[in-house]
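Structure first, commentary second.
The values are calculated or read from the model by the stated rules, or taken from the named source; none is laboratory data. Keep in mind the model is a prediction, meaning the values are calculated, not measured. Every residue, glycine among them, receives a Cβ derived from its backbone with ideal geometry; neighbour counts consider all protein chains shown. For accessibility, only protein heavy atoms count, side chains too; no ligands or nucleic acids. Shrake-Rupley method; radii C 1.70, N 1.55, O 1.52, S 1.80 Å.
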Amino acid sequence: MPVTIPLASLILPGLGQLLSGRRARGLSILGLTLTLLGLIWWSLTPQDLSPETRPIPLKGDPANLYWLVVPVLIWAWNVWDAARPNVAPGWIPALLSTTMFFVIGWQVAEINPPVLASNIDRVMLIVRPMLRPDFIQPRAEEREGWVEIIVPCPTEAPAAADSSTGEITLTVDATCGAVGETLTVAAAGLTPDVPVELVWQSPIGDFFVLREADDPTRFRSEQPDAQGGLTTALVIPNAIPPGVDPTMPQEQRLYLRQSRPLGGWELSTNGGFILQGIYETIALALMATTLGTLGAFPFSFLAARNLMGGNAFTLVVYVVVRTILNIVRSIESLIIAIVFVVIIGLGPFAGMMAVTVHTIAALGKLFSEVIEGIDPGPIEAIRATGANWLQIVRYGVLPQVVPAFTAFTIYRWEINVRASTIIGVVGGGGIGFFLIQWINLSDYRAVSAAFLAILVVVQIMDFVSARLRERLA
Amino acid sequence: MLEVQHLHKVYPNGTRALTDVSFQVEDGEFLVVIGLSGSGKSTLLRCINRLIEPTQGKILWDGTDVTAASGAELRGIRRQIGMIFQQFNLVKRSSVLTNVLAGRLGYVGTAGSLAGVWSSADRASAVRALERVGLAEKAQSRADALSGGQQQRVAIARALMQNPKLILADEPVASLDPVLSHSILQYLEQLNREEKITVICSLHFLDLVHRYATRVIALKDGEVVFTGLPQEIDKARFKEIYGEDAIEVKAGLSA
């Protein structure tokens with residue numbers, strides 16, 4: 001063993017191994033050492049904090065310097081390994097480096113288990129509404145009437161308050177007032193004996209249900225008399241949004257609402273959206289699978305080595321098609337959808353195009369592998385009869401691949417239904433389009449109803465797909 | 001007449017499969033090609049209808065340069081050359097009838113054949129071809145439902161559909177029971193004698209060679225080491241072709 005080999009490894013980790021012909025080992029050692037040094041350098045440099053960036057706790061901590069012991073030990077081990085090949089055990093650098101990767105990885109991922117337990121009470125905020133999915137609701141007759149009130153009063157007093165809806169008329173003793181002032185409202189035309197809810201609408205359209213003055217946990221509920229009349233007093237609430245000048249007069253509204261149970265159940269508004277979204281999702285998946293399969297079909301033949309290896313030109317086509325399929329396949333349909341939403345605009349068409357493109361790439365690859373796995377004998381025999389390329393494909397290839405193609409297509413349909421549920425999150429239509437809005441609005445009752453609908457559809461698709469594929473086998 | 005002139009084949013991996021192979025086949029001959037596995041028999045047969053591209057050399061068939069043909073001209077040559085394979089090479093999932101009809105592909109239009117539409121004349125001749133090999137009642141069976149010997153007979157029917165002037169048979173009986181070997185070879189012999197179809201067939205067993213060949217060429221490491229009549233292969237020649245350690249085995253039942 002010439003002394004130059006360990007010396008080379010002392011100068012540059014892995015160099016000795018490279019020079020003595022152990023290329024994979026040498027490159028691994030060099031790559032590992034550089035990665036470790038790079039990681040330590042990254043953790044030592046302080047983060048350039050601007051207001052938008054989220055601080056990474058690990059960055060810039062001088063204690064990270066201690067990690068240098070790991071690459072130094074590996075450096076020493078590598079000199080030993082260069083001097084005595086196959087003696088230095090490989091688990092030493094493996095253990096050292098994985099320890100460092102795991103400890104730093106734990107910190108970078110900001111893993112903080114106590115948080116899991118400390119905020120457990122927040123869970124109920126989501127779980128409680130989710131236990132009552134908003135899909136159907138008791139049938140009821142909804143009636144309302146409203147009156148406009150200016151808060152606070154402008155310098156010129158407004159004209160007499162003007163009630164709108166025909167059935168319920170509201171009269172207020174003042175057409176304007178400041179926050180905290182008391183108003184008296186008189187209503188006529190209400191349904192007798194059905195409780196009335198008082199709702200305040202802010203200048204930007206938010207609704208606040210008024211609460212009892214002595215018990216703020218309860219909503220106010222007034223009982224009209226037998227003729228449908230009601231007179232009650234209320235205090236003008238502070239409904240002025242943050243950032244708005246409270247001295248500027250704004251139009252606000254008082255609503256009186258009644259909900260009379262009619263018995264039985266009906267589809268709620270959100271339930272209707274869910275049905276629409278689910279139908280869109282299924283239609284989108286069906287169209288994308290059909291178009292995707294039709295698109296994948298020609299590509300799969302062009303991407304099959306055994307059909308395209310004939311001459312230089314077809315081989316070039318094969319390489320190009322194969323490369324494109326591989327690239328497109330590696331892009332999530334959700335990402336492709338973002339591109340199509342930009343081109344086409346929001347809606348199911350964009351989502352369908354994205355799922356279709358992904359299906360073409362994924363099925364194109366799978367189909368081409370089926371083609372590559374077929375028995376070359378019959379193809380040779382058909383070619384020997386003087387058949388042309390299309391005839392060879394039709395008589396030698398198709399009969400061998402159709403069963404596997406069908407099974408893959410059904411399986412893809414199942415995948416596409418799942419992809420289509422989520423594609424709406426980026427604006428691609430379907431149930432996901434509604435779901436993301438409900439999540440943003442914290443409407444967890446609708447969210448849970450949408451989850452249930454997705455669950456049912458996906459389960460049915462799984463079952464049907466499995467049964468169909470069983471039959472083909 | 002088929003003339004093979006100075007044929008060379010070197011595979012991309014460097015294997016020299018054929019080296020300077022030259023011979024002639026007169027019309028109506030039953031030429032048997034013998035030699036060890038890997039001696040180049042399959043490559044030679046596939047060069048004749050250009051399933052494999054020769055590296056160098058010429059193949060002339062009735063004056064046409066097969067090696068220079070391409071596209072439609074090459075397919076026109078291929079459709080006159082039937083081919084039979086060791087593994088039968090039927091499309092297993094297709095019906096026997098469809099497999100036989102595929103033999104007509106070189107003669108029919110692309111559009112019709114892609115749609116799976118066949119003329120009644122083609123269908124009738126497919127049934128006749130199956131009758132000829134005794135399998136008319138199996139026409140609607142799936143090809144893989146048939147035994148090995150039956151599949152090879154379907155393959156012969158497929159070759160017949162080409163109205164071939166020449167049949168290339170690449171080890172047609174090597175995957176079959178010795179009992180069935182004679183049955184298959186007798187079909188080929190019948191075609192050779194009655195229809196005057198030239199047959200070039202590679203075989204393993206010397207007793208089959210003696211029984212069916214009108215002439216023999218032997219290949220060793222891609223070179224022709226013997227050309228002559230089957231009777232001329234004696235013990236000394238046999239060792240020359242197959243190597244010192246070879247022992248002659250018989251296919252079994254004699255016809």
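Miscellaneous remarks
- For A:ALA140, the residues whose modelled amide H falls within less than 5 Å of its own, excluding neighbours fewer than 5 places apart on the same chain, are A:LEU262.
- Peptide-level mean, for B:104-110, of C-beta atoms on other protein chains within 10 Å: 5
- Sequence-separation-based contact order of chain A, relative, with Cα cut under 8 Å and 6+ spacing, percent: 13 percent
- Cα long-axis angle, helix A:23-44 against chain A (0 to 90 degrees, to the nearest 10): 30 degrees
- Estimated at the nearest 10 Å², the accessible area of A:THR169 is 60 Å² with a 1.4 Å probe.
- With a Förster radius of 35 Å applied to the beta-carbon distance between A:VAL464 and A:ILE338, the computed FRET efficiency rounds to 0.70.
- Relative contact order of chain B, pairs being alpha-carbon contacts under 8 Å that are 6 or more residues apart, as %: 27 percent
- For A:LYS59, a cut-off of 20 angstrom between C-alpha atoms picks up these aspartates and glutamates, skipping any fewer than 8 places away in its own chain: A:ASP48, A:GLU110.
- Degrees, to the nearest 10: A:348-372 long Cα axis against longest axis of chain A: 20 degrees
- Taking the alpha carbon gyration tensor of the stretch B:36-131, multiplying each eigenvalue by 5 and rooting it gives semi-axes of 28, 18, 11 Å, largest first.
- Our coupling estimate for the stretch A:139-151, obtained by passing each phi through the Karplus curve with A = 6.51, B = -1.76, C = 1.60 and θ = phi - 60°, is 5, 8, 9, 9, 9, 8, x, 9, 9, 8, 9, 8, 10 Hz, Gly and Pro reported as x.
- Prolate/oblate/rounded label for chain B (Cα gyration tensor, a/c 1.5): oblate
- Probe 1.4 Å - accessible area at A:ASP121, Å² to nearest ten: 100 Å²
- Probing with 1.4 Å while keeping every protein chain in the model, the per residue accessible area of the protein assembly as shown equals 50 Å².
- Entries of B:LYS9/B:LYS165; B:LYS41/B:LYS220; B:LYS165/B:LYS196; B:LYS92/B:LYS196; A:LYS365/B:LYS92 with Cα pairs more than 19 Å apart: B:LYS9/B:LYS165; B:LYS92/B:LYS196; A:LYS365/B:LYS92
- Peptide B:79-89, shielding by other chains (average Cβ, 10 Å cutoff): 4
- Per-pair calculated FRET efficiency, R0 = 25 Å: A:LEU65 and A:LEU7 via Cβ, rounded to 0.05: 0.35
- For the stretch A:230-241, backbone phi angles converted through the Karplus equation (6.51, -1.76, 1.60; θ = phi - 60°) give residue-by-residue couplings of 7, 10, 8, 10, 8, 9, 5, x, 8, 10, 6, x Hz, Gly and Pro being listed as x.
- Whole-angstrom gap from the stretch B:149-169 to the stretch A:264-290, using each part's C-alpha centre: 58 Å
- Inter-label distance, nm, simple model (7 Å from Cα along the C-beta direction), A:ASN440/A:VAL108: 3.2 nm
- Qualifying GluC sites (Glu not before Pro) in the stretch B:19-128, DSSP loop, other Cβ atoms within 10 Å at most 12: B:GLU26
- Exposure of A:ILE392 as accessible area (Å², to 10), given a probe of 1.4 Å and all protein chains: 10 Å²
- Hull shadow area, averaged, the stretch A:406-473 [alpha-carbon convex hull, nm²]: 4.4 nm²
- Residues A:LEU262 and A:GLN227, FRET efficiency given R0 of 30 Å [Cβ-Cβ distance, rounded to 0.05]: 0.85
- Contact surface B-A: accessible area buried, both sides summed, square angstrom, 1.4 angstrom probe: 2000 Å²
- Measuring between their Cα centroids, the stretch A:198-213 and the stretch B:11-45 lie 96 Å from each other.
- Where only DSSP H runs of four or more residues are counted, chain A gives -17500 deg cm²/dmol as its mean residue ellipticity at 222 nm, each run worth -39500 (n - 2.57).
- Separation in nanometres of the label points that stand 7 Å from Cα toward Cβ, at B:LYS196 and A:THR191: 10.3 nm
- Overall, the anisotropy analysis places the stretch B:89-160 in the prolate class: the square-rooted eigenvalues a ≥ b ≥ c of its C-alpha gyration tensor yield a/c not less than 1.5, with a/b exceeding b/c.
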